[in-house]
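Visitor: A single structure is presented below for examination.
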Amino acid sequence: MNLDWARLRAVVLESDDWGLCAWVPDREAWTALAETPAFLSPAGRRYGGSTLESAADVKALAGLLLEHRGGDGAAPVWQANTVMANPDYARIAATGSESAGFPLVELPEFPLRWARPGLWDEVARAREAGVWRIELHGLHHLPESAWLAALRRGDGDARLALANGSPVCAAVEAGGEYDPSEPREVRSRNLERAVARFRSLVGRAPGSFCPPDYRWDESLEDDAERHGVTTFQGKAEQAGKPLQRLRRAALRHRFPHTRGRRFYMPPRIAFEPCGRGVAGAAAAAEKSLRAARAAWERSQPAVVSSHRLNYAHLDPEWSHAGREALRALLGALCHEGATFVADTDVRSLVERGIRADERSRT
């Protein structure tokens, strides 16, 4: 289908890590873990204060989205790539990492130290308002075998993190839930459980899938396809591929990108203001706007990625700054006449020339 994407000025908003109990539950944990290797790393200096979203975080973000209207008169839709469960930290600490199984707390519940009263009620309201679309981000985001091995070895940073209700340690930062270094059977089992929980929680099949940390191989796509999940986010960002920058540049000009039943979303435009103040926020918004225009000129939808980190943080000023940066970007995109769509819309427009059924968008 030869759609005029430049005229449509389509924008997809993808956001990872929702529902994830990481990096820390509270300031006490942040202080306790600040000198561990993972928190001293470049990623740790950026993510260290990030936390599970609160009801207030979701309400504020949904309200911001509802302030704006795209070229079709509809508000932007936020694709919240969401994990389906989190480790039961208390049980793991009490029974030891040597015990059989990997106890989880499934959404909409959370481990005790991560309690966020009213969170799922606000998610439900945002979904009903049409501005919040849940998509799949895995079962729990963690390289569970590597983490449990670190705990069994007695790695000090892993033990200290567990005592503070966090999984973040050097072993976890080096992997991912579907990293090829994780046992094949564990990866397959986790994906099957994630898809089943998604169907039960959300009331539909996943429309797309973003593997955590962009770490996966062909076997994950095979498993996903068997479960009916065939639209993938982040292919251009997939870790472990040779000549990464050249590969990403090549994929920037490959759209539609398909293989059999599989449909790959275009490369992401990173919008990560990360509490950098007014000047930094303005620069981030302008850079993303330029990249969106370039995508339209290539006759592609602009896929903007903005991690939860920007909007859920132990420092409320950081979260506020993230929302203000997003407000600036959305305002600029609306001024350009952008139309906000979901991954399912992009695929439907490519294959059928029409957007996906509106009733399935949240």
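The values are calculated or read from the model by the stated rules, or taken from the named source; none is laboratory data. Small disclaimer: the values here were computed from a predicted structure and weren't measured. Every residue, glycine as well, gets a Cβ built from its backbone with ideal geometry; the counts of neighbours run over all protein chains shown. Keep in mind that these areas ignore ligands, DNA and RNA; they rest on the heavy atoms of the full protein, side chains included. Shrake-Rupley method; radii C 1.70, N 1.55, O 1.52, S 1.80 Å.
Visitor: Can you run down the residue pairs with Cβ atoms below 7 Å, 6 or more apart or on separate chains, where the first is in segment 78-107 and within 18 Å of S15 (Cα to Cα) and modelled with pLDDT of 90 or more and the partner is of a type in the set (F, W, Y) and in a strand (DSSP E or B)?
Guide: W78/W132; A80/W18; A80/W132; N81/W18; T82/W18
Visitor: Within segment 150-168, can you find the residues that are open to solvent by 20 Å² or more (accessible area, probe 1.4 Å) and part of a helix (DSSP H, G or I)?
Guide: Within segment 150-168, R152, R153, G156, D157, R159, L160, A163 meet the criteria.
Visitor: Here's a follow-up. For the structure I just gave you, tell me whether R293 is farther than 25 Å from A22 by Cβ, more than 20 Å from the chain's Cα centre (by Cα) and without any contact (Cβ under 8 Å) to a residue 12 or more places away in the chain.
Guide: no
Visitor: Considering only segment 219-235, state which residues are out of contact with any strand residue (DSSP E or B) (no Cβ under 7 Å at 6 or more places or on another chain) and either farther than 18 Å from V195 by Cα or in contact (Cβ under 8 Å) with a residue 40 or more places away in the chain (or both).
Guide: The answer is L220, and nothing else.
Visitor: Continuing with this model, one more query. Here are some conditions: (1) charged (D, E, K, R); (2) open to solvent by less than 10 Å² (accessible area, probe 1.4 Å); (3) more than 28 Å from P183 (Cβ to Cβ). E128 meets all but one. Which one does it not meet?
Guide: E128 satisfies all of (1) charged (D, E, K, R); (2) open to solvent by less than 10 Å² (accessible area, probe 1.4 Å); (3) more than 28 Å from P183 (Cβ to Cβ) except (2).
Visitor: Now for a separate question. Since E28 meets every condition but one in (1) closer than 29 Å to G130 by Cα; (2) assigned to a helix (DSSP H, G or I); (3) not aromatic (F, W, Y), which condition does it not meet?
Guide: (1)
Visitor: How about segment 201-220: which of its residues are under 23 Å from E185 (Cβ atoms) and open to solvent by less than 60 Å² (accessible area, probe 1.4 Å)?
Guide: P206, F209, C210, P211, P212, Y214, W216, D217, S219, L220, listed by residue number.
Visitor: Any residue in segment 114-139 that is acidic (D, E) sitting within a Cβ distance under 6 Å of a residue that is modelled with pLDDT of 95 or more and open to solvent by 30 Å² or more (accessible area, probe 1.4 Å)? List the pairs, counting only those 6 or more apart or interchain.
Guide: The qualifying pairs are E122/K59.
Rundown of residues vs (1) crowded, with 18+ Cβ neighbours inside 10 Å; (2) part of a loop (DSSP other than H, G, I, E, B); (3) modelled with pLDDT of 95 or more; (4) of a type in the set (D, E), yes/no style:
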{"residue": "P180", "(1), (2), (3), (4)": "no, yes, yes, no"}
{"residue": "E192", "(1), (2), (3), (4)": "no, no, yes, yes"}
{"residue": "A196", "(1), (2), (3), (4)": "no, no, yes, no"}
{"residue": "R199", "(1), (2), (3), (4)": "no, no, yes, no"}
{"residue": "D222", "(1), (2), (3), (4)": "no, no, yes, yes"}
{"residue": "E225", "(1), (2), (3), (4)": "no, no, yes, yes"}
{"residue": "G228", "(1), (2), (3), (4)": "no, yes, yes, no"}
{"residue": "K241", "(1), (2), (3), (4)": "no, yes, no, no"}
{"residue": "R254", "(1), (2), (3), (4)": "no, yes, no, no"}
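Visitor: Quick check on my filter: what residues within segment 287-346 are charged (D, E, K, R), more than 17 Å from C274 (Cβ to Cβ) and either open to solvent by 10 Å² or more (accessible area, probe 1.4 Å) or assigned to a loop (DSSP other than H, G, I, E, B) (or both)?
Guide: Correct list: R290, R293, E297, R298, E336.
Visitor: Related question: Report, ordered by the first and then the second residue, all pairs with beta carbons closer than 7 Å, sequence separation of six or more or different chains, a first member in segment 256-271 that is within 9 Å of T230 (Cα to Cα) and part of a strand (DSSP E or B), and a second member that is among the acidic types (D, E) and open to solvent by 10 Å² or more (accessible area, probe 1.4 Å).
Guide: Short answer, once both residue conditions are applied: R262/E225.
Visitor: Checking the structure you have, find out if any residue of segment 88-104 is on the phi > 0 side of the Ramachandran plot and small (G, A, S).
Guide: Yes: one or more hits.
Visitor: Quick check, is A146 within 29 Å of D223 (Cα to Cα), open to solvent by less than 10 Å² (accessible area, probe 1.4 Å), in a helix (DSSP H, G or I) and modelled with pLDDT of 95 or more?
Guide: So A146 does not fit the description; no.
Visitor: Could you check how many residues of segment 182-196 are within 17 Å of the chain's Cα centre (by Cα) and touching a residue at least 60 places away in the same chain (Cβ under 8 Å)?
Guide: 1
Visitor: A further question on this structure: Given the structure, is T258 of a type in the set (S, T, Y), more than 16 Å from V303 (Cβ to Cβ) and modelled with pLDDT of 95 or more?
Guide: no
Visitor: Exactly one of these conditions fails for V58: (1) crowded, with 23+ Cβ neighbours inside 10 Å; (2) in a strand (DSSP E or B); (3) not charged (D, E, K, R). Give me its number.
Guide: (2)
Visitor: Okay, next question. Would you mind stating whether G49 is crowded, with 18+ Cβ neighbours inside 10 Å and either modelled with pLDDT of 95 or more or over 15 Å from W23 (Cα atoms) (or both)?
Guide: So G49 passes the test.
Visitor: Which members of segment 1-25 meet the condition of being on the phi < 0 side of the Ramachandran plot, outside any loop (DSSP other than H, G, I, E, B) and surrounded by 16 or more Cβ atoms within 10 Å (Cβ to Cβ)?
Guide: W5, L8, A10, V11, V12, L13, E14, S15, D16, W18
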